[in-house]
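Novice: First the structure, which I've put down as structure tokens, then a few questions once you've had a look.
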Amino acid sequence: MFFNMIQIIVLYSVVVGIVQALPQYPSSQQGYQSYPTTPVPILNQNAELNPDGSYRHGFQSGNGISVEEQGTIKNKGSPDNEINSVQGYFSYPGLDGAQYTLTYTSDERGFIAQGSHLPTSPPIPEEILKVLDSQPKDNTEYDERGFPIGSNSAFNGRA
């Protein structure tokens with residue numbers, strides 16, 4: 001029994017040694033894409049942080065990537081109403097050779113991204129629009145939490 005335990009430990013050690021000796025990264029000869037390791041030059045870079053909390057930063061690199069962003073604080077001095085407001089863009093060359101640009105804002109309305117390459121929803125078919133227009137209108141008012149206001153609502157916000 002003791003002899004079998006030693007054999008198991010030796011076998012385990014050999015297996016661990018073999019696994020550790022294997023290449024850690026797959027080579028391009030095994031069908032994996034290799035990536036260039038040449039450094040990409042930074043052509044232009046700026047960074048500005050102001051005492052009022054606003055900032056601006058950006059860069060352009062030699063491979064066609066560019067980034068710009070600026071941020072401010074809206075309603076500064078009113079802790080309950082302060083809002084971070086950010087605008088910016090980034091641009092990069094695609095594998096198809098086209099230059100892709102995405103602009104964005106982020107503020108009290110949320111994150112909004114725009115770019116000609118981003119998918120958009122298809123238009124609503126005319127038949128569905130007609131059905132939606134024929135539905136009775138809901139004139140229910142809602143409070144700040146989204147609960148219906150009024151006595152004829154099924155749930156009036158009370159527990």
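The values are calculated or read from the model by the stated rules, or taken from the named source; none is laboratory data. Values in this document were obtained by computation on a predicted structure and should not be read as measured data. Cβ atoms come from the backbone with ideal geometry, glycine included; neighbour counts cover every protein chain shown.
Novice: Can you tell which of Thr105, Thr120, Thr72, Thr101 is of a type in the set (Ser, Thr, Tyr) and over 24 Å from Asn44 (Cβ atoms)?
Specialist: Details: Thr105 fails: over 24 Å from Asn44 (Cβ atoms); Thr72 fails: over 24 Å from Asn44 (Cβ atoms); Thr101 fails: over 24 Å from Asn44 (Cβ atoms).
Being of a type in the set (Ser, Thr, Tyr) and over 24 Å from Asn44 (Cβ atoms) holds for just one of Thr105, Thr120, Thr72, Thr101, which is Thr120.
Novice: Over 30 Å from Ser66 (Cβ atoms) and at pLDDT 85 or above: does that describe Pro123?
Specialist: On the way: over 30 Å from Ser66 (Cβ atoms): yes; at pLDDT 85 or above: yes.
Criteria met by Pro123.
Novice: Going by the structure shown, is Pro26 at pLDDT below 85, surrounded by 11 or more Cβ atoms within 10 Å (Cβ to Cβ) and not small (Gly, Ala, Ser)? Please lay out each step first, then the result.
Specialist: Values: at pLDDT below 85: yes; surrounded by 11 or more Cβ atoms within 10 Å (Cβ to Cβ): yes; not small (Gly, Ala, Ser): yes.
Here the answer is yes, as Pro26 does meet what is asked.
Novice: Starting from the stretch 66-84, take each residue that is without any contact (Cβ under 8 Å) to a residue 24 or more places away in the chain and list its partners that are surrounded by fewer than 12 Cβ atoms within 10 Å (Cβ to Cβ), counting only C-beta distances under 6 angstrom and pairs at least six apart or across chains.
Specialist: Close Cβ pairs (under 6 Å, with a partner that is surrounded by fewer than 12 Cβ atoms within 10 Å (Cβ to Cβ)) amount to Asn75/Asn81.
Novice: Still on this model: Suppose we keep only residues that are exposed (fewer than 10 other Cβ atoms within 10 Å of the Cβ) and at pLDDT 90 or above within the stretch 39-49. Which one would you say is nearest to Asn84 (Cα to Cα)? Steps first, please.
Specialist: Let us first name the residues in the stretch 39-49 that are exposed (fewer than 10 other Cβ atoms within 10 Å of the Cβ), namely 39, 41, 44, 47.
If we keep only those that are at pLDDT 90 or above as well, we get 41, 44, 47.
Values: Pro41: 32, Asn44: 26, Ala47: 18 Å.
Applying the filter and picking the extreme gives Ala47.
Novice: A further question follows. When both residues are 6+ apart or on different chains and their Cβ atoms are under 9 Å apart, which pairs have a first residue that lies in the stretch 33-60 and is at positive phi and in a loop (DSSP other than H, G, I, E, B), and a second that is modelled with pLDDT under 90 and basic (Lys, Arg)?
Specialist: Gly53/Lys76
Novice: Within the stretch 85-116, work out how many residues are part of a loop (DSSP other than H, G, I, E, B), under 30 Å from Ser54 (Cβ atoms) and not hydroxyl-bearing (Ser, Thr, Tyr).
Specialist: Keep residues of the stretch 85-116 that are part of a loop (DSSP other than H, G, I, E, B), which gives 94-98, 108-109, 115-116.
Checking which are under 30 Å from Ser54 (Cβ atoms) leaves us with 108-109, 115-116.
Imposing the further condition that a residue be not hydroxyl-bearing (Ser, Thr, Tyr) reduces the set to 108-109, 115.
Selection size over the stretch 85-116: 3.
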